[in-house]
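J.: Mind having a look at this structure? Questions to follow.
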Amino acid sequence: MATYKLSVVAPDRTVFEDEVSASTFPAVYGYLGIWSNHEPMLVALKPGLITYTDAKNQLHFVSISGGFLETSGTSAIVLAQDAVRSSEVDLAQAEADLEEAKRALRGEASSMTITEAMHEVEKATARLQLARKK
Amino acid sequence: MATLKQIRQRIRAAKNTQSITRAMKLVAAARLTKAKNRVEEARPYSEKMYEFILSVGSAGELPPHPLLDRRPNVKKVALVLITAERGLCGSYNTNLLKTAQRWLDTQSTDKTLVSVGKKGNLFFSKRGYEVSHAFTVPTAGADLSDAVTLTNTISEMFTNGEVDAVYLCYSKFISAIRQEPKVIQLLPIEPPQLEEGEAASQGKEYAFEPKPEDLLTLLLPKYLLTVTYQALLESSASEHGSRMTAMSSATDNAGKMIGELTLTANRVRQAAITTEILEIVAGAEALKS
């Protein structure tokens, strides 16, 4: 199967680069699948899970906290605010963050604003989903 | 002339100083390597971000956005000044402070400072400038979260009308022995423009989702963050580079001083011995006759 290069970069590091045959991304209007030779696109992503199948037909997951995707047909690049691979996810931390955000949404004392808390809920949920996929 | 004891004391002092400067040089060298790596690692993201803005911008007129708002009447400007937390790094801080001072002098509007690093804050608050926010960064180098806090602060100052433009003074890292203090405009954002001929080489027709205007709204804050983060990283690399060079020459100087002092000490000792021998010989001669 034709493959293309997928790279995920965060502001402070390159999270990973791999040859993949297919991948799906959490775009703002719903999940978006990209095969090789896709039409060139610039897409905004929301917090969620990136799923990709590598050249050996293995399924992998990466959670991101929003970002942007550029694909040119032969390569795809994700600029993620923060990206976590399944080998790196910290379940306890994700649960704690979710709890904290929910407390803020209930109007209890917290350092977060409502918008921040809503974003945090999405981010933490994505990481929890990732942890469960392991 | 100093006595032998005094000279020996000075040699000891110089040796102690030398071992301190040598240790500081090694630490700075290690930190510089790390800081350089971080600049390298951050580069793919910022380059890609730049290309994104170019692609989106080439799709049509840029829609109005609070961060692009160019105000005709600039009443107050803010200068973000990145300096080190500590001294002993050669001319690094001085150069930055001088550049900032010169820039501030040319501004006829009201001005306020946002200082990152203790040295800038101390210098300008002592001289009666308004420092509206003062941040400190860990010595190990700025984190992404530091850049986020800084960016949020200045975007807020800009969007709520407290200031009409924001500039950034930082040190561009060229090499371990060369750093260049620079002042750049942060806000309103000057979107990168496609240069003539560049468009042809790109040659890709992108589909956008959501539409370019909305995409841009999402991209701009991230772009600002990237610029500040890059500046923080480069400054910290410059600081360590500058400190390494300064400490290296301090170590050399101490070595030279120890050499000279040892020479003097030997001469003084020799002179003392010679005098003693002369005295004994003279005494013996006197007894003989």
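A short reminder: the numbers here are calculations on the coordinates, not readings from a lab. All values reported here derive from a predicted model rather than from experimental measurement. FYI the Cβ positions are ideal-geometry reconstructions off the backbone, even for glycines, and counts take in every protein chain you see.
J.: How charged is the neighbourhood of A:PRO26? Take every other residue with its Cβ under 11 Å from the Cβ of A:PRO26, and add Lys/Arg as +1 and Asp/Glu as -1.
T.: Its environment carries a net charge of 0.
J.: A further question on this structure: Can you give the mean number of other chain Cβ atoms that lie within 10 Å of the Cβ atoms in peptide B:139-146? Walk me through the numbers before you get to the answer.
T.: Values: counts 0, 0, 0, 0, 1, 6, 0, 0.
Averaged over the peptide's residues, the number is 1.
J.: When you look at the Cβ of every residue in B:43-55, what mean number of other chain Cβ atoms sits within 10 Å?
T.: 4
J.: Under the rule a/c < 1.5 gives rounded, and otherwise a/b versus b/c splits prolate from oblate, where does segment B:27-245 land using the Cα gyration tensor?
T.: On the way: a/c = 2.16, a/b = 1.34, b/c = 1.61.
It is oblate, given that a/c is not under 1.5 and a/b is not larger than b/c.
J.: Quick one: 3J(HN,Hα) in Hz for segment B:16-26, Karplus 6.51/-1.76/1.60 with θ = phi - 60°, rounded, Gly and Pro as x.
T.: Once θ is set to phi - 60°, the couplings for segment B:16-26 become 4, 4, 4, 5, 5, 5, 5, 4, 5, 5, 5 Hz.
J.: Sequence neighbours fewer than 8 away in the same chain don't count; with that in mind, list the lysines whose C-alpha is under 30 Å from B:LYS76.
T.: Within the straight-line cut-off, B:LYS76 pairs with B:LYS98, B:LYS111, B:LYS118, B:LYS119, B:LYS126, B:LYS172, B:LYS182, B:LYS222.
J.: If you don't mind, there's one more thing I want to ask. Using r as the Cβ-Cβ distance of A:TYR31 and B:THR139, and R0 as 35 Å, what FRET efficiency do you calculate, to the nearest 0.05? Don't skip to the answer; put the middle values down first.
T.: Numbers: r = 43 Å, r/R0 = 1.24.
The value I calculate is 0.20.
J.: Positive end of the dipole of segment B:57-108, charges at C-beta (+1 Lys, Arg; -1 Asp, Glu), about the Cα centre: which of B:LEU79, B:SER58, B:GLN101 has its Cα farthest in that direction?
T.: Towards the positive end, the residue furthest out is B:GLN101.
J.: I would also like to ask the following. Count charges around B:TYR167 for me, please; just the other residues with Cβ under 13 Å from its Cβ, Lys/Arg as +1, Asp/Glu as -1.
T.: On the way: positive: B:LYS76, B:ARG102, B:LYS111, B:LYS182; negative: B:ASP164, B:GLU190.
In short, +2.
J.: Moving on to the next point. So for each of B:236-249, B:269-282, B:87-100, B:139-152 I average, over its residues, the number of other beta carbons within 10 Å; can you give me the resulting order with the highest mean first?
T.: B:236-249, B:87-100, B:139-152, B:269-282
J.: With r defined as the distance between the Cβ atoms of B:LYS288 and B:SER249 and R0 fixed at 60 Å, what FRET efficiency is calculated, to the nearest 0.05?
T.: 0.55
J.: Which is farthest toward the positive dipole end of the protein assembly as shown among B:GLY283, B:GLY241, A:ILE77, measuring Cα position about the Cα centre, with Cβ charges +1 (Lys, Arg) and -1 (Asp, Glu)?
T.: B:GLY283
J.: Can I ask one more? Take the alpha-carbon centre of segment B:213-289, take the same for segment A:89-134, and report the distance between them in whole Å.
T.: With segment B:213-289 and segment A:89-134 each reduced to a Cα centre, they are spaced 52 Å.
J.: A follow-up question, please. Assigning unit charges at the beta carbon (Lys, Arg +1; Asp, Glu -1) and nothing else, what dipole magnitude in debye, to the nearest 20, does segment B:13-155 show about its Cα centre?
T.: Once rounded to the nearest 20, the dipole reads 840 debye.
J.: Here's a follow-up. Across segment A:21-26, in residue order, what do the Karplus-derived ³J(HN,Hα) couplings come to in whole Hz, using 6.51 cos²θ - 1.76 cosθ + 1.60 with θ = phi - 60° and x for Gly and Pro?
T.: 9, 7, 7, 10, 10, x
J.: Continuing with this model, one more query. Around B:LEU186, which amide H atoms from residues at least 5 apart in sequence, or from another chain, sit under 5 Å from its own amide H, with H modelled in the peptide plane?
T.: Sorted by chain and number, the residues that satisfy this are B:VAL166, B:TYR167, B:LEU168.
J.: Give me the dipole magnitude in Debye, nearest 20, for the protein assembly as shown about the Cα centre, with unit charges on the beta carbon: positive for Lys and Arg, negative for Asp and Glu.
T.: 2500
J.: Averaged across A:5-13, how many Cβ atoms of other chains sit within 10 Å of each residue's Cβ atom?
T.: Details: counts 0, 0, 2, 0, 9, 5, 15, 9, 7.
The per-residue average across the peptide is 5.
J.: Which shape class, rounded, prolate or oblate, goes with segment A:91-133 when its Cα gyration tensor gives a ≥ b ≥ c as root eigenvalues, a/c under 1.5 marks rounded, and past that a/b bigger than b/c marks prolate? Could the numbers behind the result be given before it?
T.: Numbers: a/c = 3.18, a/b = 2.06, b/c = 1.55.
Taking the square roots of the gyration eigenvalues as a ≥ b ≥ c, segment A:91-133 is prolate.
J.: Once a ≥ b ≥ c are taken as the square roots of the eigenvalues of the Cα gyration tensor of segment B:1-115, is the result rounded (a/c under 1.5), prolate (a/b larger than b/c) or oblate (a/b not larger than b/c)?
T.: Oblate shape, in that a/c is at least 1.5 and b/c is the bigger or equal ratio.
J.: Each residue of segment B:181-191 in order: what ³J(HN,Hα) in whole Hz does its phi give by Karplus 6.51 cos²θ - 1.76 cosθ + 1.60, θ = phi - 60°, with x for Gly and Pro?
T.: x, 9, 10, 10, 8, 9, 10, x, 5, 8, x
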